[in-house]
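A.B. asks: Let me give you the structure first, and then I'll get to my questions.
Any read-out appearing in this document is the output of simple, stated calculations on the displayed coordinates, not a laboratory observation. Note that the structure is predicted; figures quoted are calculated from it, not measured. Neighbour counts are summed over all protein chains in view; Cβ atoms, including those assigned to glycine, are modelled from backbone coordinates with ideal geometry.
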Amino acid sequence: MSYQEKQNIVNILSGLLITVIYAIIVYQRQIQGRFDLTEDFSKWGILFLIFIGVSVVARIIIQIIFHIINAIATREEKTPIEDERDKLVKLKGTRNSYYAFTSGFVLSVMGLALGMPVHWVFILFVVFGLIAEIIDNGSQIYYYRKGV
Amino acid sequence: MVLKYIITGKESEMASSTIQNNIRKLRFEADEMTQQQLADRVRVSRQTIVAIEKGNYSPSLELAFRLAHIFNTPLDQVFIYEPEDEV
């Protein structure tokens, strides 16, 4: 398995882990009555901003740990250079994730038009954001294995 | 169908089916140059050389010329274009 494939798997797992843990923490606080996300929409904004910050920091830490473990396991100190094929694979992955997130956005808006509660739009944003990330990294693994 | 297009893309099918290459043979003729040595000389990863040799990736024009330059061979002897109706 190439370095890029391993990195994509780590990205998928870390994305899932961070989102699920954060969602559980937020859900528990909602149950405890610390805030009401069905009514207080400004709280969603704060939660999203905190999530971005937490996610960035957690991913940096996970990437550092991955580099260390990978260097020990493969005995390769150098990180492979990113060449034109890697850039093309990344671009196609980003394109696929864009399709996924846009589909989620349209579905959310359609749900809103059909009378879905507003707070579900935010929940769907998180869900489709996660799906888009999985599709991004998953399709990169696919392109690395099957060809661009 | 749509999902297949999103994942594979038409261009990738063309890339793998219409352009063949002689890189493996040329490496052998160049004192059995390894894939890693070739990759280092053209500044790409070894995986990219593997993908090109397998026909899973069609390199950019610049990389194709760099490869031809390394082997001191005309480009059309490194890569062979076969139109789809002839494949």
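A.B. asks: Mean Kyte-Doolittle hydropathy of 1.0 or higher plus an axial Cα length of 15 Å or more: which whole DSSP H helices in chain A meet both?
C.D. replies: A:41-74
A.B. asks: Relative to a virtual label point 7 Å from the Cα of A:Gln30 in the Cα→beta-carbon direction, which members of region A:107-148 show backbone nitrogen distances below 13 Å?
C.D. replies: A:117-127
A.B. asks: Specify which residue in the list A:Val54, A:Val89, A:Thr102 is farthest towards the positive end of the charge dipole of chain A, using unit charges on the beta carbon of Lys, Arg (+1) and Asp, Glu (-1), about the Cα centre.
C.D. replies: Going by the Cα projections, it comes out as A:Val89.
A.B. asks: Can you tell me the length gained on complete extension of the stretch A:Ile9 to A:Val56, counting 0.36 nm per residue apart and subtracting the Cα distance?
C.D. replies: 15.2 nm
A.B. asks: Something else now. Would you kindly state how much longer the chain becomes between A:Asp40 and A:Glu77 on full extension, computed as 0.36 nm times their sequence separation minus their alpha carbon distance, in nm to one decimal?
C.D. replies: Contour length minus Cα-Cα distance gives 8.4 nm.
A.B. asks: Once the Cα gyration tensor of region A:1-75 is found, what semi-axes does its equivalent ellipsoid get, as square roots of 5 times the eigenvalues, in whole Å, sorted largest first?
C.D. replies: For region A:1-75, the ellipsoid semi-axes come out as 34, 11, 10 Å.
A.B. asks: Distance check, please: which entries in A:Lys6/B:Lys25; A:Lys87/B:Lys54; A:Lys6/A:Lys146; A:Lys87/B:Lys25; B:Lys25/B:Lys54 exceed 21 angstrom between their Cα atoms?
C.D. replies: Where the Cα-Cα span goes over 21 Å, the pairs concerned are A:Lys6/B:Lys25; A:Lys87/B:Lys25.
A.B. asks: In deg cm²/dmol and to the nearest 500, what is the mean residue ellipticity at 222 nm of chain A if only DSSP H runs of at least 4 residues count, each as -39500 (n - 2.57), divided by the residue total?
C.D. replies: On the way: 4 runs with 123 residues, N = 148.
About -30000 deg cm²/dmol.
A.B. asks: Next question, about the same structure. Show which aspartates and glutamates lie in cross-link reach of A:Lys92 when reach means a straight Cα distance below 19 angstrom and same-chain residues fewer than eight apart are skipped.
C.D. replies: In chain and number order, the partners are A:Glu5, A:Glu82, A:Asp83, A:Glu84, A:Glu133, A:Asp136, B:Glu11, B:Glu13.
A.B. asks: Which one, A:Tyr144, B:Pro83, B:Asn21, projects farthest toward the positive side of the charge dipole computed for the protein assembly as shown from Cβ point charges (K/R +1, D/E -1)?
C.D. replies: Final value for the positive-end residue is A:Tyr144.
A.B. asks: While we're on this one: What ranking do B:67-79, B:38-50 get when scored by the average of other Cβ atoms within 10 Å per residue, highest first?
C.D. replies: Working: B:67-79: 14.8, B:38-50: 18.9.
Sorting B:67-79, B:38-50 by mean packing, highest first, produces B:38-50, B:67-79.
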